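Just so you know, all these numbers are worked out from the coordinates, no wet-lab data involved. These figures come from a predicted structure and were not determined experimentally. When we count neighbours, we look across all protein chains shown, and the Cβ atoms used for this are built from the backbone with ideal geometry, even at glycine.
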Amino acid sequence: MTARLFLLPLICLLAAGAQAGVLDAARQGGSLRVGVDYVPPPYKGGMKFRTPESPDTVLADDLAAQLKLKSDYQKNAPGGALQALKNARPDLALTLAPEGDAPAADTAVIATGYSAGGMAIMRSDTAIRKWDDLKGRTVCVSQGSPYVGTLAARYGAVEKVMRAPADSLLAVRIGECDAAVHDDTMMKELLKLPEWKKFSAQLPPTERRNLVLRVRGADAADLAAIRQAASRWNESYWAGVKKKWVNNVAFEVYLDQNVPDCH
């Protein structure tokens, strides 16, 4: 009888643990582990600040803040966000998914309201008119970009992987690269700035994908809390994110440009 009384609380505790959602574990640890396709290197004193290409870390920070937690970026597994979630590394994951991508049976998918395709931008007097014209041309992309490797494989371009979008775009301005390929959602906003008029030639975006939030498990309370947090990622929210991204990247390019833009 005594042994049964001793085991009962333990059994209940184990049962509760088995039913606990990902947010319960996050609250216990004080941080929300968010899988992202690329984890930007941590900023250290003396480094040049660089804005990463994807806004996924912005969403990770916003989601964690709404849940009163700290964000902890986790690199999505080589097999993608689903594999990372299966390994229980992050509590949830942000990743790019093709339009019409079917969710896994044990994973909920929440739209973020952001989508993008790869768009090339070049000098306005470029002779490049179509994607196939990139063959043999030097094309800049940034670390962690989903376009790394695709330009060489599909078009025969000579890829130059830069640390971040600002470095890639600067290379185009000073003639080190014939083109730069980045998310069209951000590039279209950047090209509205007057200082980019001479570098506003572009190739139409390809392979449009949606940035989605994948949550493992199906805990009702978890999903309700996460969906509530994600509901603020509306058009107005994204307008602010894009404006900040463009201003930051344009300023980073401005600070680093050593070659006078007079040609």
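Details
- Between amide H atoms placed 1.01 Å from N, distances below 5 Å from residue 69 occur with no residue 5 or more places distant or on a separate chain.
- Residue 66 versus residue 228: modelled label distance in nm, points set 7 Å from Cα along the beta carbon direction: 1.0
- Residue-span extension gain [residue 220 to residue 111] - 0.36 nm each, minus C-alpha spacing: 37.5 nm
- Counted charge near residue 71, where neighbours are those whose Cβ lies closer than 13 Å (Asp, Glu -1; Lys, Arg +1): -2
- Once backbone amide H atoms are built at 1.01 Å from N, residue 159 has 139 as its partners under 5 Å, excluding neighbours fewer than 5 places away on the same chain.
- Amide proton proximity set for residue 201, modelled H, under 5 Å, gap of 5+: 122, 124
- The stretch between residue 176 and residue 238, if pulled fully straight at 0.36 nm per residue, gains 19.1 nm over its current Cα-Cα span.
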